[in-house]
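Worksheet: one structure, shown below.
The values are calculated or read from the model by the stated rules, or taken from the named source; none is laboratory data. Note that this is a predicted model, so its numbers are computed, not measured. Note that each Cβ is placed from the backbone with ideal geometry, even for glycine, and that neighbours are counted across all protein chains shown.
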Amino acid sequence: MIPAPFAYARPTTVDEALQAIADGGEDVKIMAGGQSLIPVMRLRLAAPETVVDLSKVAELRGVRDDGDAIVIGAMTTHHDVLVDPLIAQHAPLIAEATETVADRQVRARGTFGGALAHADPAGDLPAVALALDAEFVIAGPGGARRTVPAADFFVDYLTTALEEGELLVEIRVPKLAGEWGMHYEKFNRVAQAWSIVAVAAAVRREDGQIAEARIGLTNMGPTPLRARAAEAALAGAAASADAIAAAAQSAAEGTSPSSDLNGQADYRRHLAQVLTRRAVTAAAGL
Amino acid sequence: MTVTEDAADLAPAKEVGKARRRKEDARLITGRTTWTDNMVLPGMLHIAVVRSPVAHAKITNVDVSAAKQAPGIIAVYTGADFAEEQGSIPCAWPVTPDMVNPGHPSIAVEEVNHVGEAVAVIVARSRTAAADALELVDVDYDLLPPVLDMEEAVKGEADLCHDHIESNTAYHFVFDAGEAGTGADTEQAFADADVVVSRRFVNQRLIPAFMEPRSVVVQPQGDNFTMWSATQIPHVLRVMLAMVTGIPEHKLRVIAPDVGGGFGGKLQVNPEEVIALLVARRLGKPVKWTETRSESLMTAHHGRDQIQYIDVAADREGNVKALRVRLLADMGAYLRLITPGVPALGAFMFPAIYKFPAYRFECDGIFTNKVPTDAYRGAGRPEATFAIERIMDELAVELGMDPLELRRRNWIQAQEFPFTTVAGLEYDSGDYDAATQQALELIGYDELRAEQRRRRESNDPVQLGIGFSTFTEMCGLAPSRVLGSLSYGAGGWEAASIRMLPTGKVEVVTGSTPHGQGHETAWSQLVADQLGVPFEDVEVLHGDTAVSPRGMDTYGSRSLVVGGTAVVKAAEKVVAKARKVAAHLLEASEDDLEFADGKFSVRGTPGTSMGIQEIALAVFAAHNYPEDVEPSIDADATFDPVNFSFPHGTHICAMEVDTETGMVKIRKYACVDDVGTIVNPLIVEGQIHGGLAQGIAQALYEEAVYDADGNLTTGTFVDYLVPSAADLPHFDTGNTVHAAPGNPIGAKGVGEAGCIASTPAVVNAALDAVRHLGVSDIRMPLTPERVWRALHEGGDGGARATAGTNAYGGAQTETTAGVSTPQSSLGGDR
């Protein structure tokens, strides 16, 4: 369990980080909390030429209020997410999902941005970011910045819209207007395990009806997915157990889950329906 | 200050029975101790092992030239380099005279037979240099079809695991009570029976998953060798290594320093131990090998892995008439130390606590292209207990009887002990009914049954079930003569010495080498009582063949029962020797001396006494001692039990099953165990908890899974699920105490009880929850998917998809064997 040799850079600013990435050669890996990168390097699944360690880049940490959105620095640790009052107020779904990530030790080091940039389909936070229509602020060579919506950020298995030489710097989570309820329903076999399937739901209720529902699915394909058909079925539906159950029947539409030790694809599709019903029911306050 | 104390307060409290915290724990828990991998010797070289990424192949070429050129590399060896001297990993248990042993090279020479088998060895100046060179060894394999499925492997036209032997069957072992004279004719009993229930159970392959990885250090000194190894069995290892390598036994010293768990997984002569010894001998330099966690899961021996065909016969009133057991037991690719003996040992436990008049057991040991199986906590007994406790529930269903009522009708009654079973074992003591009553009260049985009814009536998506396991096991391994009759290659005695130091402190030398059980504490308690010395004055030495030259080590819940007894007997000899000296010094007759609380006093002469610790000093000075004795009160003892001991207990599990998702959750768990006299309640409680965790893990979480090519896909703890405290319920535990008559302590053994008993209780509970929905079996582990499939598709939930999880890139065998794959260059940031 010893990684292959690699060069190591530990910049202190975003500019320095971008420079280190540019200088790092053919195969650069950016390390945030290292909770996924270090294990795959130790298993020699990854053998990067250079590791750029962001742990000293202070400007990437923390959460701030930016008017219509809260902005979460990419290097904000899971632990800091859990205790942040802005997240608790505007995006409790993030905190709820973060609390299910691995264990206390991992949450002390692992970061919000690292988990999203890693884009593990079994990871909990990508589906949450997708459900909340988060935006990803990316810095490129020379310091140029661009913003990518969550819907375009997750491209494939462990692959995002981040290009070579780029760095995820912060995530903008829009503040939601109206009365929203949220819930993250995770299904796994032991406490520290990745999700077999999980469902992130945000529901806006209006006059006893469900005005709008946003549903993110974890581990139902190579990327996190929105359960669009279920969302459509819920829009304007009665906030009732029967209506939610009916809508949840379509939760697995358009998904392509994998088959592995924890479940074959048909079982995952079934779980997506049950968990969507449970997540939406809880989010709707029923 | 005036203090008045009555006599009872003056007498020191007995140590036995006291819940002492373990004196060894501080150093073990903090790691500030001599774990083998902590050892650093001057000039020490590091070994890394190149392992096969394929399950079955001929080796056509091994090119080590690039690896030899790598920085820091001292040598690279292949199987051919050691072919003449490596011999075969020994198998000490030829269960039948005609058992076929294909031979087990430490480094493969011509053929590999499981993924992870050693094919070359790198020796380097640093551990990192050795690891870096692994990928530079280029091995050409000519692939052969892997043999993976036992039921396929026994068919006539099956591919062969070893082409130089005739079939995939290592042995056919039979125990027939009719032939042995311990029971009636089994076939006749089945022919005459009103009711016969037959089932096929799968007792899946498990990985011991001890906490401290295996590690070995070898230091050559002239023609002597010292080996430090993270092993359970330094004494056995020394004998076996001498036989395998030809290094004379007296030139080899083996030390097991503090060892971090084993569960039977370190009851082995490992290929890497042989390799380290051969490399040290070849180079004349100290070497170290420490496995990675991936290597540990992939190449340390596995446990269990049986397909069980169980038939039970009974009359309509629920009186059992006969039991017939046929096993296919997966040996894996080779026979290691006691690979063939594990299922054979189980043969004697299938009849369990029930009065079967007839019994027949047959077992075929089968070769497959997987890592060998061997001892794992319980070793044969959990498999047997699982099968019998499951089939008793099936029989109860068939008869329409309450499962507990069926058991009660057939179990041995308290007044019937000692009881000779249909398997020929003489059960020593116990009271199954008392343990059961206590367990029912602990779990709140009536309330749970009422809730179960409510949930059924309301068609609740979450159903509740209650499962029983009324078990016994054979512990205190083992009477040497019995082992001889079973063709085992060694005895089952244990040795101890007690050294009385001049300052009155006591050194206890035990041959029973601990690997985390708390021997130092428990032995100190025993000796403190026997010699009347303070607990703190006792030090327990172990694990070094130069310090404790004779021993049989720790496994099979034997240490307290056999090793503890040897300690007690040595202490009795110390007292007897000290008595002579005391009589001399006190100028009294030996017959007039009383020994209590560490003091010899002269009967009828108050105030005249001498402590045993004072006598130790007097004997050290040796100025004044009796003419006819040596100036020493030290003593040795060896204890060989006449019979096994038979702990028993009743375990009850209450299980919630979410019928929508298949998720199972233990609601309550209660057990009452009779492990005989309890020396340290805290240690007993800890052993029960740990055992329960492992037994529950077999039922719900753990399974070593191989894919169709023979790759271990549960190659990391991401996919091989070991539960943590967060995943387990509160345990309500209790004890009944029926002292074991076979040893002076009265102990029966507790190391394996929780692990043996719990698995069927958990599965029976899950089935009880959903049987009314048409489910009669679910294969272990009870993954949510299997439970869901059993509920919605019928059957037992079937086989799982073999692919490892996709989480973090799916770390599977082909990559952890050191072979790069397309996934080696994964995208994304982590």
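Rundown of residues vs (1) among the aliphatic types (A, V, I, L, M); (2) within 14 Å of chain A (Cβ to nearest Cβ); (3) in a loop (DSSP other than H, G, I, E, B); (4) farther than 19 Å from residue B:301 by Cα, yes/no style:
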| residue | (1), (2), (3), (4) |
| --- | --- |
| B:93 | no, no, yes, no |
| B:98 | no, no, yes, yes |
| B:116 | no, no, yes, no |
| B:123 | yes, no, no, yes |
| B:132 | no, yes, no, yes |
| B:140 | no, no, no, yes |
| B:145 | no, no, yes, yes |
Original post:
Taking region B:466-519 on its own, how many of its residues are under 18 Å from the mean Cα position of the chain (by Cα), farther than 19 Å from residue B:231 by Cβ and buried (at least 24 other Cβ atoms within 10 Å of the Cβ)?
Top reply: 7
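Quick one: which of B:242, B:276 is in contact with a strand residue (DSSP E or B) (Cβ under 6 Å, 6 or more places away or on another chain), crowded, with 24+ Cβ neighbours inside 10 Å, outside the structural domain of residue B:511 (by TED's automatic domain parsing) and not in a loop (DSSP other than H, G, I, E, B)?
Working: B:242 fails: crowded, with 24+ Cβ neighbours inside 10 Å.
Of B:242, B:276, the one residue that is in contact with a strand residue (DSSP E or B) (Cβ under 6 Å, 6 or more places away or on another chain), crowded, with 24+ Cβ neighbours inside 10 Å, outside the structural domain of residue B:511 (by TED's automatic domain parsing) and not in a loop (DSSP other than H, G, I, E, B) is B:276.
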**OP:** Note down all Cβ pairs under 8 Å where the first residue falls in region B:788-807 and is within 25 Å of residue B:710 (Cβ to Cβ) and within 7 Å of chain A (Cβ to nearest Cβ), the second is acidic (Asp, Glu) and assigned to a helix (DSSP H, G or I), and they're at least six residues apart or on different chains.
**Re:** B:800/B:785
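Taking the options B:740, B:704, name whichever one is in contact (Cβ under 8 Å) with a residue 60 or more places away in the chain, crowded, with 23+ Cβ neighbours inside 10 Å and either under 27 Å from residue A:269 (Cα atoms) or within 12 Å of another protein chain (Cβ to nearest Cβ) (or both).
On the way: B:740 fails: either under 27 Å from residue A:269 (Cα atoms) or within 12 Å of another protein chain (Cβ to nearest Cβ) (or both).
Matching residue, one of B:740, B:704: B:704.
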Original post:
Got a sec? Which helices (runs of 4 or more DSSP H) wholly within region A:227-286 have at least 1 residues that are of a type in the set (Phe, Trp, Tyr), within 14 Å of chain B (Cβ to nearest Cβ) and in contact with a helix residue (DSSP H, G or I) (Cβ under 7 Å, 6 or more places away or on another chain)?
Top reply: A:265-283
Original post:
Taking region B:699-754 on its own, how many of its residues are part of a loop (DSSP other than H, G, I, E, B) and either polar (S, T, N, Q) or farther than 30 Å from residue B:113 by Cα (or both)?
Top reply: 25
Original post:
Just for region B:752-776: of the residues that are surrounded by fewer than 24 Cβ atoms within 10 Å (Cβ to Cβ) and out of contact with any strand residue (DSSP E or B) (no Cβ under 7 Å at 6 or more places or on another chain), which one is farthest from residue B:660 (Cα to Cα)?
Top reply: B:776
**OP:** Might you check whether a residue that is crowded, with 24+ Cβ neighbours inside 10 Å, among the β-branched types (Val, Ile, Thr) and in contact (Cβ under 8 Å) with a residue 24 or more places away in the chain occurs anywhere in region A:133-153?
**Re:** no
Original post:
What residue, among those in region A:190-211 that are in contact with a helix residue (DSSP H, G or I) (Cβ under 8 Å, 6 or more places away or on another chain) and more than 30 Å from residue B:722 (Cβ to Cβ), is nearest to the other protein chains (Cβ to nearest Cβ)?
Top reply: A:201
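With surrounded by fewer than 24 Cβ atoms within 10 Å (Cβ to Cβ) and modelled with pLDDT of 95 or more as the only criterion, which of B:318, B:303, B:341 stands out?
Numbers: B:303 fails: surrounded by fewer than 24 Cβ atoms within 10 Å (Cβ to Cβ); B:341 fails: surrounded by fewer than 24 Cβ atoms within 10 Å (Cβ to Cβ).
Of the residues listed, the single one that is surrounded by fewer than 24 Cβ atoms within 10 Å (Cβ to Cβ) and modelled with pLDDT of 95 or more is B:318.
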Original post:
Is region B:651-661 home to any residue that is farther than 17 Å from residue B:579 by Cβ, crowded, with 24+ Cβ neighbours inside 10 Å, in contact with a Phe, Trp or Tyr (Cβ under 8 Å, 6 or more places away or on another chain) and of a type in the set (Ser, Thr, Tyr)?
Top reply: no
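In this structure, does residue B:816 turn out to be crowded, with 24+ Cβ neighbours inside 10 Å, within 14 Å of another protein chain (Cβ to nearest Cβ), at pLDDT below 95 and within 30 Å of the chain's Cα centre (by Cα)?
Values: crowded, with 24+ Cβ neighbours inside 10 Å: yes; within 14 Å of another protein chain (Cβ to nearest Cβ): yes; at pLDDT below 95: yes; within 30 Å of the chain's Cα centre (by Cα): yes.
When the stated conditions are applied, residue B:816 passes them.
Filter the strands (runs of 3 or more DSSP E) completely within region A:39-84 down to those with at least 2 residues that are within 12 Å of chain B (Cβ to nearest Cβ) and surrounded by 20 or more Cβ atoms within 10 Å (Cβ to Cβ). Write out each step before concluding.
Values: elements: A:50-53, A:63-66, A:69-73.
Qualifying strands (runs of 3 or more DSSP E): A:50-53.
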